[in-house]
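Right, one structure below, let's go through it.
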Amino acid sequence: MAVIVQKYGGTSVGDADRIRAVARRVAVTRLAGNDVVVVVSAMGHTTDQFVELSRQVSPNDHPREMDMLLTAGERISMALLAMAIRDLGVEAVSLTGSQAGILTSMVHGRAEIEEVRAFRVKEHLDKGHVVIVAGFQGVSAVNKEITTLGRGGSDATAVAIASYLQADACEIYTDVDGVFTADPRVVPEARKLDEVSFDEMGEMAAAGAGVLMLRSVELGRRWGVPLHVRSSFHDGEGTWVREAVGGPPALVGIAHDPDQALVGLTGGGGPAAVVEALEAAGVAAETVGTGPEGVAAAVARDQAAAAVAALAAAAGPATVLLEEEVGKVSVVGAGLRDRPGAAAEVAGALGRGGIEVRLTATTPLRVSCLVPSPRLDEAVRLLHREFFSYGSEEGR
Ligand code: ADP
Ligand code: ASP
Ligand code: MG
């Protein structure tokens, strides 16, 4: 008998009909003789709505209470799904992350999974029950406080449970058919990939491809859990994310991240000063470049205020730069290693399209450019045409 972990994202459990459709798929999998654990996200945009509601109630930071609030979203879907599965004559039980033994660090809002003690999940499976686990949440082993794993964190819950149970499959059901060469909502002609390596998927996720949470890809690699990203709306094969993929190194896709900001110093202070100030403030700045205006770095937009404060404190006579209307577009793939001129190719293509490049950065698997926000989607489509045109030699 196989052990199968299925994770369903927010759209897939977005309303009563969809919850019943998920229940049918789960029941079919169970009735075929498999042990089934289902990890669920909050319904639709519930998490965003809770965040918005909290802002209406209070302008202040309340990390503990935010986690109490946000974990309620997954509780709602786990209970409703358990009801729908039981109505199909299949015994099902829902468990919160804490009940399922997801033990985390003590950091509200972005806790790390440190250990999985999913005894209760195993006990229910042994009794033939389908187990529904609330994604995105856990409990601190140190002080028993409830934590959340960061946005998109249900993917990480699924990988953790699959690893603990040594599951035969970890299926990530979502609202697209798999991992594409670009976000199919921005690039309609993007192609579905049959497979992608953990390294390349990690790079896509880090660069903004939200189809999988970055942490879940890292955990999948660390614990050796291959992931099958697929549609919850039909039975077609999706994309396998695994250790090694066949074929020569190629380009995998174009990723984009609309929520970036450019910060820096002009009129004094070198790259080291900028990096040190940001590091000391705990702001991740992966892209640091020197241009005519001074030294600039790309940071996540929600860290822009912290970055500016850190730079202002370290600026001396220099002036702090801040531009919030920027996004990042990245070309990703192991094939970049064989193209030493790739950064120039990417910047050149954007330049020919009349799109100003504010900053460029490279890693062995990625070339990223910061561009003005209003041109970001166009930049994604342009680079997809340039590197992934139908019939071209590029891509898989
Ligand atoms: P879920 O709620 O199922 O976790 P997400 O919204 O987190 O779903 O992830 C799915 C979304 O990821 C898709 O709707 C798509 O717009 C977006 N996405 C971004 N980049 C890609 C990509 N390269 N391939 C597929 N989907 C992508
Ligand atoms: N509900 C959470 C979020 O919206 C976690 C998840 O969907 O994976 O980020
Ligand atoms: Mg997601």
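Within the range 257-290, count every residue that is more than 22 Å from the chain's Cα centre (by Cα) and in a strand (DSSP E or B). Lay out the reasoning, then the answer.
Step one: filter the range 257-290 for residues more than 22 Å from the chain's Cα centre (by Cα), giving 263-281, 288-290.
From the residues that got through so far, the ones that are in a strand (DSSP E or B) too are 263-266, 288-290.
Residues that pass the stated criteria total 7.
I'd like the residue in the range 202-220 that is within 16 Å of ligand 2 (Cβ to nearest atom) and part of a loop (DSSP other than H, G, I, E, B) and, out of all such residues, is surrounded by the most Cβ atoms within 10 Å (Cβ to Cβ).
Let us first name the residues in the range 202-220 that are within 16 Å of ligand 2 (Cβ to nearest atom), namely 205, 208-220.
Checking the rest, the ones that are also part of a loop (DSSP other than H, G, I, E, B) come to 208-213.
Details: G208: 20, A209: 23, G210: 15, V211: 23, L212: 25, M213: 23.
Among them, the one singled out is L212.
Identify all residues within the range 16-43 that are out of contact with any strand residue (DSSP E or B) (no Cβ under 7 Å at 6 or more places or on another chain), over 23 Å from M213 (Cα atoms) and either open to solvent by 10 Å² or more (accessible area, probe 1.4 Å) or of a type in the set (D, E, K, R) (or both); write none if there are none. Walk me through how you get there before you give the answer.
First, pick out the residues of the range 16-43 that are out of contact with any strand residue (DSSP E or B) (no Cβ under 7 Å at 6 or more places or on another chain): 16-21, 23-25, 27-28, 31-33, 42-43.
Those left that are additionally over 23 Å from M213 (Cα atoms): 16-17, 20-21, 23-25, 27-28, 31-33.
Passing the criteria: A16, D17, R20, A21, R24, R25, V28, L31, A32, G33.
Of all residues in the range 1-54, which are among the aliphatic types (A, V, I, L, M), touching an Asp or Glu at 6+ places or on another chain (Cβ under 9 Å) and within 20 Å of G128 (Cα to Cα)?
Narrowing the range 1-54 to residues among the aliphatic types (A, V, I, L, M): 1-5, 13, 16, 19, 21-23, 26-28, 31-32, 36-40, 42-43, 51, 53.
Those still in the list that are touching an Asp or Glu at 6+ places or on another chain (Cβ under 9 Å) too: 1-5, 23, 39-40, 42-43.
Answer for the range 1-54, where residues must be among the aliphatic types (A, V, I, L, M), touching an Asp or Glu at 6+ places or on another chain (Cβ under 9 Å) and within 20 Å of G128 (Cα to Cα): M1, A2, V3, I4, V5, A23, V39, V40.
What residue, of T360, T319, is within 24 Å of V252 (Cβ to Cβ), touching a strand residue (DSSP E or B) at 6+ places or on another chain (Cβ under 7 Å) and among the hydroxyl-bearing types (S, T, Y)? Break it down into steps so the answer makes sense when it comes.
Numbers: T319 fails: within 24 Å of V252 (Cβ to Cβ).
None of the other options fit; the residue is T360.
Would you check which residues across the range 131-152 are within 14 Å of ligand 3 (Cβ to nearest atom) and surrounded by fewer than 23 Cβ atoms within 10 Å (Cβ to Cβ) and list them? Before you say what the answer is, go through the steps one by one.
To start, the set of residues in the range 131-152 that are within 14 Å of ligand 3 (Cβ to nearest atom) comprises 135-136, 148-152.
G150, R151, G152 - these are the residues of the range 131-152 that are within 14 Å of ligand 3 (Cβ to nearest atom) and surrounded by fewer than 23 Cβ atoms within 10 Å (Cβ to Cβ).
Could you say which residue among A334, A314 is under 22 Å from the mean Cα position of the chain (by Cα), over 19 Å from D257 (Cα atoms) and surrounded by 15 or more Cβ atoms within 10 Å (Cβ to Cβ)? First the steps, then the outcome.
On the way: A314 fails: under 22 Å from the mean Cα position of the chain (by Cα).
Of the residues listed, the single one that is under 22 Å from the mean Cα position of the chain (by Cα), over 19 Å from D257 (Cα atoms) and surrounded by 15 or more Cβ atoms within 10 Å (Cβ to Cβ) is A334.
At least 1 residues that are within 16 Å of ligand 1 (Cβ to nearest atom) in each: list the strands (runs of 3 or more DSSP E) lying fully within the range 1-99 that qualify. Give the steps one after another, and end with the answer.
Numbers: elements: 3-8, 35-40, 92-95.
In the range 1-99, the matching strands (runs of 3 or more DSSP E) lie at 3-8, 35-40.
Checking E386 against (1) more than 23 Å from the chain's Cα centre (by Cα); (2) over 21 Å from A250 (Cβ atoms); (3) open to solvent by 20 Å² or more (accessible area, probe 1.4 Å), only one condition comes out false. Which one?
Looking at each condition in turn, E386 falls short on (2).
Would you pick out the residues in the range 245-274 that are touching a residue at least 24 places away in the same chain (Cβ under 8 Å), open to solvent by 30 Å² or more (accessible area, probe 1.4 Å) and farther than 21 Å from D177 by Cα?
G247, P248, P249, P258, D259, T266, G267, G268, G269, G270, P271, A273
Filter the range 166-201 for residues that are within 15 Å of ligand 3 (Cβ to nearest atom) and under 22 Å from I113 (Cβ atoms); which is surrounded by the most Cβ atoms within 10 Å (Cβ to Cβ)?
Going through the qualifying residues, I end up with M201.
Between residues in the range 101-123 that are at negative phi and residues that are among the hydroxyl-bearing types (S, T, Y) and open to solvent by 70 Å² or more (accessible area, probe 1.4 Å), which pairs lie under 7 Å by C-beta distance while being six or more apart or on different chains?
What qualifies is V116/Y164; A118/Y164.
Please determine whether any residue of the range 342-361 is surrounded by 20 or more Cβ atoms within 10 Å (Cβ to Cβ) and in a strand (DSSP E or B).
Yes; the residues of the range 342-361 include at least one that is surrounded by 20 or more Cβ atoms within 10 Å (Cβ to Cβ) and in a strand (DSSP E or B).
Residue check: is D155 of a type in the set (D, E), closer than 25 Å to R110 by Cβ, in contact (Cβ under 8 Å) with a residue 40 or more places away in the chain and away from ligand 3 (no atom under 16 Å from the Cβ)? Steps first, please.
On the way: of a type in the set (D, E): yes; closer than 25 Å to R110 by Cβ: yes; in contact (Cβ under 8 Å) with a residue 40 or more places away in the chain: yes; away from ligand 3 (no atom under 16 Å from the Cβ): no.
So D155 does not fit the description; no.
Tell me whether the range 53-61 contains one or more residues that are modelled with pLDDT of 95 or more and in contact with a Gly (Cβ under 8 Å, 6 or more places away or on another chain).
No: zero hits.
The values are calculated or read from the model by the stated rules, or taken from the named source; none is laboratory data. If you're wondering where the values come from, they're calculated on a predicted model, not measured in any experiment. Positions of Cβ are generated from backbone atoms using ideal geometry, with glycine treated the same way; all protein chains shown enter the neighbour counts. Protein only, heavy atoms only, side chains kept; ligands, DNA and RNA dropped before computing areas. Shrake-Rupley method; radii C 1.70, N 1.55, O 1.52, S 1.80 Å.
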